[in-house]
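Step one of this worksheet: look at the structure below.
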Amino acid sequence: MKSSRSLALVSLFAALMAVLGLIPKIDLPLGVPITLQSLGVMLAGCLLGPKRGLQALLLFLVAVALGLPLLSGGRGGFGVFMTPSTGYLIGYPFGAFVTGWMMSMLPGTTPRSTAVSAFIASSLGGLLTVHAFGVAGLVKLAHLSWTQAFLGTLVFVPGDLIKCALCAMVVHTVARGVPDWHFGGRTT
């Protein structure tokens with residue numbers, strides 16, 4: 001029973017990533033578009049925990065690699081892993097893992113404290129971790145210097161902080177509506 005529930009949740013969040021990909025992207029000269037899919041990374045970590053969040057994003061990336069056009073703008077196939085946005089894509093599962101791990105470590109006794117924890121976890125996992133991979137990808141594939149890549153990725157930070165706030169609001173709503181939800185995969 002527990003493994004079938006886990007499989008369903010992992011599949012559901014991989015599908016959520018695909019749905020978030022339906023929202024049009026905003027192309028930037030950097031070669032990395034602004035999308036809503038990083039919100040899915042944050043939600044997967046906060047709501048599923050590190051292990052299942054990682055699995056959901058790996059499942060999503062495997063589907064993309066197999067050619068399904070699930071990335072924003074209808075992109076898919078192995079070729080998307082040869083573009084400047086590759087680092088961000090590879091950072092998705094790691095971001096979900098860090099977000100989930102942080103969520104499991106932070107307090108969550110009330111809906112409000114759970115939402116604050118979700119904002120912090122999303123900032124560290126969904127924003128900082130994913131951007132660290134993104135910067136490394138820009139250095140490797142776009143042939144930018146570390147400074148150029150870091151400065152280039154700053155354009156995403158304001159929008160990603162808004163996504164962190166949206167994630168916290170969703171977590172707050174879930175905490176109020178489903179008080180026994182195990183945020184960050186907590187077992188207690």
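May I ask you to list pairs of residues, at least six apart or on different chains, whose Cβ atoms are under 7 Å apart, with the first in the range 6-28 being free of Cβ contacts under 8 Å to residues at least 12 places away in the same chain and the second being open to solvent by 50 Å² or more (accessible area, probe 1.4 Å)? Partner pairs satisfying both residue conditions: I26/I34.
Where helices (runs of 4 or more DSSP H) fall entirely within the range 1-77, those with at least 1 residues that are touching a Ser or Thr at 6+ places or on another chain (Cβ under 7 Å) are at 37-48, 50-65. Applying a threshold of 6 Å to beta carbon distances and a minimum spacing of six or more residues, or different chains, the list of pairs starting in the range 53-76 at a residue that is over 20 Å from V98 (Cα atoms) and ending at one that is among the hydroxyl-bearing types (S, T, Y) and part of a loop (DSSP other than H, G, I, E, B) reads S72/T35. Show the residue pairs that are 6+ apart or on different chains and have beta-carbon atoms under 7 Å apart, the first residue being within the range 161-181 and over 9 Å from A118 (Cα atoms), the second being hydroxyl-bearing (S, T, Y). The qualifying pairs are K163/S38; A175/T114. One residue stands out in the range 42-89 among those that are within 20 Å of G159 (Cβ to Cβ) and open to solvent by 50 Å² or more (accessible area, probe 1.4 Å): the one that is modelled with the highest pLDDT, namely R75. Filtered by the rule that a residue be under 30 Å from M82 (Cβ atoms) and of a type in the set (V, I, T), the range 102-155 gives T129, V130, V135, V139, T147, T153, V155. Here the range 145-162 is the region considered, the condition is being part of a helix (DSSP H, G or I) and among the hydroxyl-bearing types (S, T, Y), and the residue that is farthest from T35 (Cα to Cα) is T147. Among the residues of the range 156-168, the one identified as under 21 Å from T83 (Cβ atoms) and of a type in the set (G, A, S) is G159. Of the residues examined, L39 is one that is at pLDDT 95 or above, open to solvent by 10 Å² or more (accessible area, probe 1.4 Å) and more than 23 Å from L144 (Cβ to Cβ). Being crowded, with 19+ Cβ neighbours inside 10 Å and without any contact (Cβ under 8 Å) to a residue 40 or more places away in the chain is a description that does not apply to T99.
The values are calculated or read from the model by the stated rules, or taken from the named source; none is laboratory data. On a predicted model such as this, the values are computed, not experimentally measured, just so you know. Cβ atoms come from the backbone with ideal geometry, glycine included; neighbour counts cover every protein chain shown. For accessibility, only protein heavy atoms count, side chains too; no ligands or nucleic acids. Shrake-Rupley method; radii C 1.70, N 1.55, O 1.52, S 1.80 Å.
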